[in-house]
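Data block below; observations after.
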Amino acid sequence: MTTIVEVKGLTKQYKDVTAVNNVSFTLEEHKIYGLLGRNGAGKTTVMHMLTAQAFATSGDIRVFGEHPFENSRVLSQICFVKESQRYPDVFRVCDALAVAASMYPQWDAAFANDLLDRFALPPKRNIKKLSRGMLSAVGIIIGLASRAPLTIFDEPYLGLDAVAREMFYELLLEDYAAHPRTIVLSTHLIDEVSRMLEHVLVIDKGQLIINEDTDTLRSYAYTLAGPAAKVEPFLEGRQVTRREPLGSFMTASVIGELSRADREKAQAEGLELLPVSLQQLIVQLTHNQGSSKEAGIR
Amino acid sequence: MSSLINDDRPIFAQIAERIENDIIDDVLPEESQVPSTNQFAAYYKINPATAAKGVNLLVDQGILYKKRGIGMFVAEGARSRLLEARKEQFYEQYIISMLSEAQKLGITEAQLTQMIKRGAMLK
């Protein structure tokens, strides 16, 4: 696999706030990544630095092997669709698309027109007059039709209804299959996108706490339920993210893979084993202070 | 999203299992062509790489094989081999857990045999 993004020790300091703290990761060619985390975790700051819209305080960024700053060779390969993209006041939808067409060498005008139809966007409409959802659709169309080798969507669907979001996912997968490229999706709607993601990066309080293949994460944690007297001994020596007692009954969430012997032991003890979805896992890991330490909730 | 796939287990394993089921049910007879990974991806709305991982799992096991430039096909003898493996799984998944539940309820082996016979009559 070819590495197209290499980030080492990336840090962004704003006065007394460390927005991004010593983050290192790589992105490979032709993969779909999820960049996940809570609001204010530092996701957008990372994306801004990747796309040369913000300076790093320290650390090194290479995109397609080069520094992205004022590097048109690199920047023409990156399409960054922002949550709150602004356009000049006089712009109509077609003007925004024309500018994008001139920026991205792989721009597919026919595809862009097809997308305009699908999202029912009037091309001559002034962008200022678009609804929030329609404005998001403009960003999505640009992101898809640019076919940029690195395409980043940062919460691209504010105001888009479930039908339009579903359409976005379908179009993204379809076009990605036909024209493979690296895609980064940053979103809160983890359950909606988790199946499309090949690899997941989770940022919490400026730090990268998960950098793992999605399929590995699916068997990364489990929930155990049963009589507390039987659950407790099982938890010994394991990484527990949540304990929820109910009388003499207890539910606990545990990180770490289950061995076959564990599974048989749990079954023999009459304990219930339940899987943990990606969204639940990330909620548990980013819920409180210690990102991966035992969480003493309640 | 398609409810055929759930988010609890690795998706590639679920894709492999669905293909296995189709082979066992003869929906995908031996020597027939399996849909492409992109077709799986579009159908289940999953990442094509994940679909490929599921397909490759079966290639590694010799259940599917690749015809260069054409696609994936079901190997000869795949069905009988899958049935063998599934019988072993059946023992572990159903028989073992049935016995432990029976023990919990105080059901004797004789009573269990009786119940199986009663169930079989309904079939």
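The values are calculated or read from the model by the stated rules, or taken from the named source; none is laboratory data. All values derive from a computational prediction rather than experimental measurement. Every residue, glycine as well, gets a Cβ built from its backbone with ideal geometry; the counts of neighbours run over all protein chains shown. The protein model used for the area step is the full one, side chains on, heavy atoms only, and it has no ligands, DNA or RNA in it. Shrake-Rupley method; radii C 1.70, N 1.55, O 1.52, S 1.80 Å.
Here are a few things to note about the model shown:
- Other protein chain C-beta atoms within 10 Å of residue C-beta, averaged over A:187-199: 3.
- Net charge, A:Gly159 excluded, C-beta distance under 13 Å - Lys, Arg +1, Asp, Glu -1: -1
- Rounded accessible area of A:Lys124 (nearest 10 Å², 1.4 Å probe): 140 Å²
- Relative to the longest principal axis of the Cα atoms of chain A, helix A:162-178 runs at roughly 80 degrees.
- Packing-based order for A:164-173, A:236-245, using average beta carbon neighbours within 10 Å, highest first: A:164-173, A:236-245
- Estimated translational diffusion coefficient (Stokes-Einstein, Kirkwood radius over Cα pairs, 20 °C, 1.002 mPa s) of the range A:1-133: 126 µm² per second.
- Alpha carbon centroid spacing (whole Å) that separates the range A:255-281 from the range A:71-125: 47 Å
- Heavy-atom accessible area ranking, 1.4 Å probe, most first, across A:Lys230, A:Lys43, A:Lys15: A:Lys15, A:Lys230, A:Lys43
- Centre separation in Å (Cα based) which lies between the range B:65-123 and the range A:170-204: 36 Å
- Seen from A:Pro233, the other residues with C-beta closer than 14 Å to its C-beta sum to a net charge of 0, counting Lys and Arg as +1 and Asp and Glu as -1.
- Per-residue mean of foreign Cβ neighbours for B:45-58 is 4 (Cβ atoms of other chains, 10 Å radius).
- Overall form of the range A:76-211 per C-alpha gyration tensor (a/c, 1.5; a/b vs b/c): prolate
- A convex hull fitted to the Cα coordinates of the range A:144-226 yields 148 cubic angstrom per residue.
- Set A:Lys31/A:Lys82; A:Lys230/B:Lys53; A:Lys82/B:Lys45; A:Lys8/A:Lys82; A:Lys12/A:Lys128; B:Lys45/B:Lys123 screened for pairs whose C-alpha atoms are more than 29 Å apart: A:Lys230/B:Lys53; A:Lys12/A:Lys128; B:Lys45/B:Lys123
- Magnitude of the charge dipole, chain B, Cβ model with Lys/Arg +1 and Asp/Glu -1, debye to 20: 120 debye
- Each Cα pair under 8 Å and six or more residues apart adds its separation to the average, and for chain B the resulting relative contact order is 23 percent.
- Axis angle, to the nearest 10 degrees, between helix A:109-118 and the longest C-alpha principal axis of chain A: 60 degrees.
- Prolate/oblate/rounded call for the range A:107-156, Cα gyration tensor, a/c under 1.5 rounded: oblate
- Probe 1.4 Å, all protein chains present, accessible-area order of A:His199, A:His179, A:His287, largest first: A:His287, A:His179, A:His199
- Over chain B: Kirkwood hydrodynamic radius from C-alpha pairwise inverse distances, Å: 16.7 Å
- Helical contribution to [θ] at 222 nm, DSSP H n ≥ 4, -39,500 (n - 2.57), averaged over the protein assembly as shown, rounded to 500: -12000 deg cm²/dmol
- Per-residue mean of foreign Cβ neighbours for A:214-221 is 4 (Cβ atoms of other chains, 10 Å radius).
- Shape category assigned to the range A:147-189 from the gyration tensor of Cα positions, a/c cut at 1.5: oblate
- Extent along the principal axes, Cα only, for the protein assembly as shown: 84, 56, 40 Å, with the longest axis given first.
- Loop-located trypsin sites (Lys or Arg not before Pro) in the range B:1-91 (DSSP state not H, G, I, E or B) with no more than 13 neighbouring Cβ atoms inside 10 Å: B:Arg68.
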